[in-house]
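Worksheet: the structure to be examined is printed underneath.
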Amino acid sequence: MSGLSASTAYTFTVKAKDAAGNVSAASSAVNMTTDTAGSGGSGGSGSVVWEYWTSISGTAVSSIPTGTTPTGTATLTSLEGPTNYGDNYGDRIRGYITPTTSGAYTFYIASDDASQLWLSTNNSPSNKTMIASVYECTGVREWNKNASQQSVSITLTAGVPYYFEVLHKDGGGGDNLAVGWTGPGISTITVIGASNISQY
């Protein structure tokens, strides 16, 4: 259904019409309120936005000025940032993860230098908590260097969008960033791809 406004209450009734043109009485009314704008869809849209801020020294995630306009943005079709993009920058990826199968999932993050992975219990950013992190650096897709890179087992429901946020800070030298998962039908750690992500 299209043409509806965000955060708006609607009342719907249904009438059936047969081949002869006979129309039934209206059904009982159903009340609903549409989601807020940017609250996530029912499935992956295939991409997320990568935001980056340049000329920021150090490796602390807390130094990323996320409250300001980023230096630039790009679109990613998986939860993996560019490798060896540059030095002294910070970046953020945020959006929604929508699993296709219900069950227990474990999330992983790898990066150079520091990073944090946050996940909400639903599509609201206000309910996010940090579930995995890197405080030093790892190689590209090096998922198991430190215990903090792996989340606990998290039960997710198929078709439900969960807000996520990734923060990453690079100082000097090489740099990389990736988020992976295991879960129903995913026995080895796999970068989360287009079929399970959508933009914030």
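Any read-out appearing in this document is the output of simple, stated calculations on the displayed coordinates, not a laboratory observation. Note that this is a predicted model, so its numbers are computed, not measured. A quick note on method: Cβ atoms are made from the backbone with ideal geometry, for glycine too, and the neighbour counts reach across all protein chains shown.
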Segment 48-199: proportion of alpha-carbon pairs further apart than 19 angstrom, %: 48
Taking segment 135-200 and dividing mean pair separation by its residue count, relative contact order in percent (alpha carbons under 8 Å, at least six apart): 25
Pairwise FRET efficiency - Thr83 versus Thr54, Cβ, R0 = 22 Å, nearest 0.05: 0.85
Net charge of Cβ neighbours under 11 Å - reference Asn88; Lys, Arg +1; Asp, Glu -1: -3
Value in Å of the Kirkwood radius, where segment 39-106 supplies the Cα pairs that are averaged: 13.9
Additional length obtainable on full extension of the chain from Asn127 to Ala147, 0.36 nm per residue less Cα span: 4.8 nm
Inter-probe distance in nm under a simple model that places probes 7 Å from Cα toward Cβ, at Thr73 and Thr157: 3.0
